[in-house]
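Since the structure comes first, as structure tokens, the remarks are kept for the end.
The values are calculated or read from the model by the stated rules, or taken from the named source; none is laboratory data. Remember, predicted model here, so these are calculated numbers, not experimental data. Ideal geometry is used to build each Cβ from the backbone, glycine not excepted, and the neighbour counts take in all protein chains shown. Accessible surface is based on the protein model in full, side chains and every heavy atom, while ligands, DNA and RNA are left aside. Shrake-Rupley method; radii C 1.70, N 1.55, O 1.52, S 1.80 Å.
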Amino acid sequence: MADIIQLLPDHVANQIAAGEVVQRPASVVKELLENAIDADATLIKLIVKDAGKTLIQVIDNGKGMSATDARLSFERHATSKIRSAEDLFSLHTKGFRGEALASIAAIAHVELKTKQEQDELGTQITIEGSDVVSQDIVVTPKGTSISVKHLFFNIPARRNFLKSNTVEMRHIIDEFHRVALAHPTISFAMYHNGSEMFNLPESNYRQRVVNIFGNKTNEKLVPVEETTDVLKISGFVGKPQFAKRTKAEQFFFVNNRFIKSAYLNHAINSAFDGLMKDGSHPTYFLNLTVDPKSIDINIHPTKTEIKFDDEHTLYAILRSSVKHSLGQFNIAPVLDFEYDTNLDTPYDYKDKTASTPTIEVDRNYNPFADHNVSGKQTTAFKKQTLNNWDSIYVGLESKSTREEQDFSEVEFESEEKTESLFKNDSASEATYSTYQLHNKYIVSTIKSGMLLIDQHRAHQRILYENLLKSMTIKEAVSQQLLFPLELHFTPTELTILKQLKEDLEATGFIFSNFNKESIDIIGVPVNVPDSEVSIILEQLISDVEQEVPDSNFSATDLLAKSMAKSLAIKTGQSLTNSEQEHLVNSLFACKEPNVSPTNRTTFVTIDVEELDKKFM
Ligand code: ADP
Ligand code: MG
């Protein structure tokens, strides 16, 4: 038989390899920014059009390249950063594989202009899909400018696979943040479709964080500094009361390189143990410096994980330094506080902004004593949440008159429809037909057997349908706030909120102002406690950014889902019998009671026959 193995032509091999390095426009942004930093630039400009689908350009004032190097830089495995395998163990640069430019040039139109300090003239090279189209001598300033146009022009499948501009832009901004945070002494600017999104002058680390995440961030930051033989830590953690629902503000840098580490993240979380409300995540911006020999970054080109020699030690040091900082800045566990609604509000009311929130520690509190003292506080807390809980139904009231009839029409597999679903009807005063299991499920009897309802999902369904209704017929009822709420957001977050403004208004929000860094809210939907507003909006922003489901994106639907998720009673919340019954009734008054807004099962039934079998 004839030989059948062939070497792939270069351009095909390059395209395949490019798939590994360049997944989306943000990957190009990351590679180009890192090259500029490796070239010792002090000023780096990122210009993006159509979320990078049309243009990504990085201009730096770094050391530039000679004509020969400029040409070589597009060859696979062409790098100036390592000479021998040994060098891999003491890397001080971001790049070392010599793959990025070759990969990018294989799947886009690339134009490079570069000049070294000592040269009069520079070099311009144009490459389209690995083919060099032209090479010229040009007048250009010191440094390098690389434009990447028409990404994936020769791989339509990849191009079609790209997400919406909002999503791709989010990824680009994430990469930009990571690089800019790792290098506060370098000036960065970023432009999208001609308008400036970030302008970050050379600064110290605190200023860099504030310049990126907004002035309001400043008061949130608690410094963390530690130097030991194996590890140097510097940076900030966020005060617990400002913790976010999302993990958007969590950054680890190891030797100035952004990394993700679930293990080290755990160290931080455990340092915050007892300080955080459920479901919120600590903010942190931490730089770790270790001996390059003690880490292994020689892994997948785009992955951000690295391997440490001695993870356990790092864990312990990190945890104790964060704990120490929190302690030094007098941040004591919230669990033992007098209940103070301010602690529920990540941002204070407008009229109080000047005073920092005070924290009252109950010095008599003894966690081991019988809870006579704190018992009082727990009741207070419980009452508070239950009040809120009640108010969630305000909007449902009109519906509930109808419920009884609708309810009797509900049908389960083997059930006779003429019967009422629950046997309680008259007896509801003395005996209850529902029972709460593990503060998670509501158990009830139906004719054919028993019904188990997931309280959180069921409530999401109820709220979701209710919200959708008020949004589509725009009949939402607002409750005016006594004190307008001023909430702070980053510019990116504000762009998203602006897009959703109309839909938010349809749910009952009233905005008096959209400023550069903040919004003023003077009215909220009746069923929304004002302490929850910022959490709801944060959750909403993060849901939009993730844009799930991606395909049939409807702002209205997403907003209803997101708010339902935020507002729904949680697993673990204990409910009175009448609350349980109300929930069951409202669920079966829904159009689609079987599933939550995200298509998860809300209830299951177990037939008596099934139970009988178990007793055989
Ligand atoms: P790597 O960064 O892994 O070396 P790249 O493909 O990203 O591989 O870049 C190849 C080479 O091109 C680099 O090693 C560097 O010498 C040169 N280079 C790339 N970008 C720049 C830049 N902005 N300024 C100066 N030299 C650059
Ligand atoms: Mg590189």
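List of remarks:
- Pair list, Cβ < 7 Å and 6+ apart or interchain, from the range 316-327 residues that are open to solvent by less than 50 Å² (accessible area, probe 1.4 Å) to residues that are not hydrophobic (A, V, I, L, M, F, W, C): I317/E226; I317/T228; S321/E226; S325/P223
- Taken together, L181, L91, L101, L112 contain a single residue that is away from ligand 2 (no atom under 16 Å from the Cβ), hydrophobic (A, V, I, L, M, F, W, C) and not assigned by TED's automatic domain parsing to the domain that holds S542, which is L181.
- Checked against the criterion of being open to solvent by less than 20 Å² (accessible area, probe 1.4 Å) and assigned to a helix (DSSP H, G or I), the candidates L575, L611, L583 yield just one match: L583.
- Selection status of V544, aliphatic (A, V, I, L, M), modelled with pLDDT under 85 and not assigned by TED's automatic domain parsing to the domain that holds T166: yes
- Every residue from the range 205-233 that is over 23 Å from H324 (Cα atoms) and part of a loop (DSSP other than H, G, I, E, B): G214
- Checking each residue in the range 162-202 for being under 28 Å from F329 (Cβ atoms) and open to solvent by less than 20 Å² (accessible area, probe 1.4 Å) picks out H177, A180, L181, A182, L200.
- I82 vs. criteria within 14 Å of ligand 1 (Cβ to nearest atom), within 30 Å of the chain's Cα centre (by Cα) and either at pLDDT below 95 or open to solvent by less than 30 Å² (accessible area, probe 1.4 Å) (or both): no
- Checked against the criterion of being away from ligand 1 (no atom under 12 Å from the Cβ) and open to solvent by 50 Å² or more (accessible area, probe 1.4 Å), the candidates I5, I59 yield just one match: I5.
- All of T140, T166, T123 fail the test of being more than 16 Å from ligand 2 (Cβ to nearest atom), at pLDDT below 95 and not assigned by TED's automatic domain parsing to the domain that holds A555, apart from T166.
- Filter result for I44 (in the same structural domain as L162 (by TED's automatic domain parsing), within 16 Å of ligand 1 (Cβ to nearest atom) and under 17 Å from F96 (Cα atoms)): no
- Number of positions in the range 91-138 that are of a type in the set (D, E, K, R), within 14 Å of ligand 1 (Cβ to nearest atom) and open to solvent by 60 Å² or more (accessible area, probe 1.4 Å): 3
- Considered as a group, the residues in the range 70-88 that are touching a residue at least 40 places away in the same chain (Cβ under 8 Å) and touching a strand residue (DSSP E or B) at 6+ places or on another chain (Cβ under 8 Å) include one that is nearest to ligand 2 (Cβ to nearest atom), and that residue is F74.
- Members of the range 66-79 found to be modelled with pLDDT under 85, within 25 Å of H183 (Cβ to Cβ) and open to solvent by 70 Å² or more (accessible area, probe 1.4 Å), listed by number: none
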